[in-house]
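What follows is a short report on a single structure.
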Amino acid sequence: MEKNIILENNSYLERFFLYLKIDKESVYKTICENTKTFINQAPHKIKKVKGCKYQDKTIYEYKLKLPKQAYRLAYIFDGDKIKIFYISKTLIKADFVKEISKVV
């Protein structure tokens, strides 16, 4: 069954899109394409964020490559949905995990 990918409506994502002035629709399209590709064809690129839970669920993350820069995003599986809840410029995994631990 195909999972729906959604961007959670939260202050972290709002600030991300406002600060970077990135077109939300094009980023959403890229996220959907990348997430589906990684899950189906390259699951080894998706990593768990150890030691952290979001809404009592395991957090997964991967690098999102956009035309001008790469980012790291975090998401959870929630029933038939994949919820993206955090996107960061922090690419180093250890630093990203520290950042996420302050969010959840």
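For the chain, what's the relative contact order in percent, using C-alpha pairs closer than 8 Å and at least 6 residues apart? Relative contact order for the chain comes out at 29 percent. If one computes P(r) from the Cα atoms of the stretch 20-62, what percent of pairs lie at distances over 12 Å? More than 12 Å apart: 67 percent of the Cα pairs in the stretch 20-62. In terms of accessible area, using a 1.4 Å probe and ignoring ligands and nucleic acids, L66, L73 rank largest first as L66, L73.
Only helical runs count toward this figure. For the chain, summing -39,500 (n - 2.57) over DSSP H runs of n ≥ 4 and dividing by all residues gives -12000 deg cm²/dmol at 222 nm.
Per residue, the accessible area of the chain comes to 63 Å² when a 1.4 Å probe rolls over the protein heavy atoms.
What net charge is computed for the residues neighbouring K3, neighbours being all others with C-beta under 11 Å from the C-beta of K3, Lys and Arg scored +1, Asp and Glu -1? Summing Lys/Arg as +1 and Asp/Glu as -1 gives 0. For the chain, the fraction of 1.4 Å probe accessible surface lying on carbon and sulfur atoms is 51 percent.
One equal scatterer on each Cα of the chain, no solvent, Debye formula: the resulting log10 I(q)/I(0) at q = 0.10, 0.17, 0.18 Å⁻¹ is -0.24, -0.76, -0.86.
Taking a ≥ b ≥ c as the square roots of the Cα gyration tensor eigenvalues, with a/c under 1.5 meaning rounded and otherwise prolate when a/b beats b/c, else oblate, which class fits the stretch 43-104? Oblate.
The values are calculated or read from the model by the stated rules, or taken from the named source; none is laboratory data. Source: prediction; values computed, not measured. Positions of Cβ are generated from backbone atoms using ideal geometry, with glycine treated the same way; all protein chains shown enter the neighbour counts. These accessible areas exclude ligands, DNA and RNA; they are computed on the full protein's heavy atoms, side chains included. Shrake-Rupley method; radii C 1.70, N 1.55, O 1.52, S 1.80 Å.
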